[in-house]
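One structure is given below, encoded as structure tokens.
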Amino acid sequence: MDNFTFCSPTRYVLGRGVEARTGELVREMGCRKVLVVYGGGSARRSGLLGRVEESLTAVGVEFVEMGGVQPNPTDPLVREGIEIVRREGVDGLLPVGGGSVIDTAKAIAAGALYDGDFWDFFCGKAVVGKALPIGVVLTIPAAGSEGSGNSVITRQSDLRKISIRTDFWLCPKFAVMNPELTFTLPAEQTAAGVADMMSHIMERYFSTTEGVETTDRVAEGVLLAIITEAPRVMAEPGNYDARANIMWAGTLAHNGVCGCGRREDWASHGLEHELSALYGVTHGAGLAVMFPAWMEYMAGKRPFKIAQYARRVFGVDIADDREAALEGVRRLRDFFRSLGLPVTIAELGIENPDIDTLVTRFHENKGIPAGAYYPLQPEDTRTIYTSVIK
Ligand code: NZQ
Ligand code: ZN
């Protein structure tokens, strides 16, 4: 096991009606005026935004609003948010939504206290060293941004989708998580969220670091819970306990606990980010295609951890590592299909993917080689993308 520091500084407040506590939590965060960030309108239509703003008013916290964040969020709205924060004297961020809304708020929180252009953080010119405090009202379990110090933004001018990771500054101070708020999610978003949270665990699980049985077992436990609960939320979207379990799993998948003591991979996320940057696909749906593709390739290159996953998570009973790994990939694909997820690039609605550009951009963003479990060279990357064209 490698040395590690684990800090999940977020206060997770999960339960029915907990959005009524938002005002009190914002005040405890030390803020007097927040920017409420939201997406395309689901939070307003459901009445959630109104309830959250009422709770702010009730404790004397002022607010200004900025809506319109789209999935796979882009830089112009971050710049607009930074301007609002400076102009209005805002001292905290309150995203109400999913990963796209939260990540936009995080980029604003860092950019507002920085003299240069916020994109410097994303292109590696600067490192986040301070940020306004962020509190979250979560409406979709998927990206895990409520418990991560990460933000993922796409630059509109050249469609560069870049992820930054901070250990502390961009971790939300609190996350309000009412599972009832997720009853209204379209089935395809619920399913994509499941694929995303499973991927966050697997990026950490597929590691060459040895002696991490405790972290392995935590990861397997959360994966097993997701595999049990996901079919229930798909069949009964209003099942509170199933929704609550999926919501909590989405947070545990990405708050760092499943990665303690080991080197993580993250190549599959990089492979997906190029698809969503170029073609605008839903992140979790793209992962349902790219993660099994990566695992299938690994079965031929470095099967041992994929085989362990197949045996412990999917109950595969095959002695040979490569065969066990391949059977694990088949079962994972079947599971994704059972949730209505795509497993090929064509099923994502992309008929003629530009493989050259995908490979080039992946390595521009992730380096050569890329990933840690089995470092990918461009020829490996090409084979992986090509294997799931149809
Ligand atoms: O915009 P609105 O109208 O709110 O609709 C959203 C959006 O269309 C809808 N939605 C959300 N909650 C809803 C709802 N519809 C009905 N009822 C509700 N309760 O769902 C759609 C997707 O929202 P989005 O925020 O894009 O989803 P998600 O949480 O999956 O976030 C995806 C983004 O997060 C990034 C992804 O790359 C992508 O850009 N990621 C962020 C990470 C992080 N910060 O740690 C890690 C992840 O790996 C990921 O890369
Ligand atoms: Zn993800």
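The values are calculated or read from the model by the stated rules, or taken from the named source; none is laboratory data. It should be emphasised that the depicted structure is a prediction, and the values quoted were computed from it without experimental measurement. Methodologically, a virtual Cβ is constructed for each residue, glycine included, from the backbone with ideal geometry; neighbour enumeration extends over all protein chains shown. Note: areas computed on protein heavy atoms with side chains; ligands, DNA, RNA excluded. Shrake-Rupley method; radii C 1.70, N 1.55, O 1.52, S 1.80 Å.
Given a 10 angstrom Cα cut-off, can you work out which residue in ILE201, ILE368, ILE134 is the most mobile in a GNM of the chain? Residue with maximal mean-square fluctuation among ILE201, ILE368, ILE134: ILE368. Our note on the geometry: Cα centres of region 243-298 and region 1-48, 23 Å apart. Would you please classify the overall shape of region 1-102 from the alpha carbon gyration tensor, given that a ≥ b ≥ c denote the square roots of the eigenvalues, rounded means a/c under 1.5, and beyond that prolate means a/b larger than b/c while oblate covers the rest? It is rounded, given that a/c, with a ≥ b ≥ c, falls under 1.5. Anyone know which of GLY211, GLY284, GLY371 comes out most mobile in the 10 Å Cα GNM of the chain? Of GLY211, GLY284, GLY371, the Gaussian network model singles out GLY211 as fluctuating most. Cβ-Cβ distance of LYS301 and GLU236, R₀ of 45 Å, FRET efficiency by 1/(1 + (r/R0)^6): the value works out to about 0.65. Lys/Arg Cβ at +1, Asp/Glu Cβ at -1, dipole of region 222-300 taken about the Cα centre: which of PRO231, MET247, SER276 is farthest positive-ward? The Cα lying farthest towards the positive end belongs to MET247.
The accessible-area ordering, largest first, of the residues THR357, THR251 stands as THR357, THR251, per a 1.4 angstrom probe. For region 237-353, the direction-averaged projected area of the alpha-carbon convex hull comes to 8.8 nm². Provide the FRET efficiency to the nearest 0.05 for the PHE168-ASP115 pair, computing r from the beta carbons and using R0 = 25 Å. Efficiency, from the Cβ-Cβ distance: 0.75. Couplings for region 46-62, taken from phi via the Karplus curve 6.51 cos²θ - 1.76 cosθ + 1.60 with θ = phi - 60°, read 6, x, 4, 4, x, 5, 5, 5, 4, 5, 5, 4, 4, 10, x, 8, 7 Hz in order; Gly and Pro are left as x. Computed over region 68-214, the quotient of the alpha carbon radius of gyration and 2.2 N^0.38 Å is 1.08. Within the listed set ALA225, ALA324, ALA310, the residue fluctuating most in the Gaussian network model of the chain (springs between alpha-carbon atoms under 10 angstrom) is ALA225. A crude spin-label estimate for the pair GLU54 and THR344, with each label 7 Å from Cα along the Cβ direction, gives 5.1 nm. Electrostatic tally near GLU65: other residues with Cβ closer than 11 Å to its Cβ, Lys and Arg +1, Asp and Glu -1, net -1. Restricting region 190-274 to GluC sites (Glu not before Pro) that sit in a DSSP loop and have at most 10 other Cβ atoms within 10 Å of their own Cβ leaves GLU210. Heavy-atom accessible surface of region 7-67, averaged per residue, reaches 48 Å², computed with a 1.4 Å probe.
Name the residues whose placed amide hydrogens come within less than 5 Å of the amide hydrogen of ILE134, ignoring near sequence neighbours (fewer than 5 apart) on the same chain. Amide H to amide H, under 5 Å and 5 or more residues apart or across chains, ILE134 pairs with LEU93, LYS173.
Multiplying the residue separation of GLU80 and ILE318 by 0.36 nm and removing their Cα-Cα distance gives an extension gain of 80.2 nm. With the simple spin-label model, which puts each label point 7 Å out from Cα in the Cβ direction, the ARG27 to ALA187 separation comes to 4.4 nm. Between ASN150, ALA175, ILE162, whose Cα lies farthest towards the positive end of the dipole of region 140-201 when Lys and Arg beta carbons carry +1 and Asp and Glu beta carbons carry -1, centred on the Cα centre? Of the candidates, ILE162 comes out farthest on the positive side.
Shape analysis of the chain based on the Cα gyration tensor places the equivalent ellipsoid semi-axes at 34, 23, 19 Å, largest first. Surface composition of the chain: carbon and sulfur atoms hold 49% of the protein heavy-atom accessible area at a 1.4 Å probe.
The residues of region 205-287 expose on average 32 square angstrom of accessible surface per residue, using a 1.4 Å probe on protein heavy atoms. Listed values for region 100-116 are Karplus-derived 3J(HN,Hα) couplings in whole Hz (6.51 cos²θ - 1.76 cosθ + 1.60, θ = phi - 60°), namely 5, 5, 5, 5, 5, 4, 5, 5, 5, 4, 7, x, 5, 9, 10, 6, x, and x replaces Gly and Pro. Couplings for region 31-36, taken from phi via the Karplus curve 6.51 cos²θ - 1.76 cosθ + 1.60 with θ = phi - 60°, read 9, 10, 8, 10, 9, 8 Hz in order; Gly and Pro are left as x.
For THR74, the amide hydrogen comes within under 5 Å of the amide hydrogens of THR154, counting only partners 5 or more places away or on other chains and with H modelled in the peptide plane. Debye calculation, C-alpha points only, no solvent: report log10 I(q)/I(0) for region 21-69 at q = 0.19, 0.28 Å⁻¹, in the same order as the q values. Debye intensities relative to I(0), on a log10 scale: -0.58, -1.05. For GLY256, the amide hydrogen comes within under 5 Å of no other amide hydrogen, counting only partners 5 or more places away or on other chains and with H modelled in the peptide plane.
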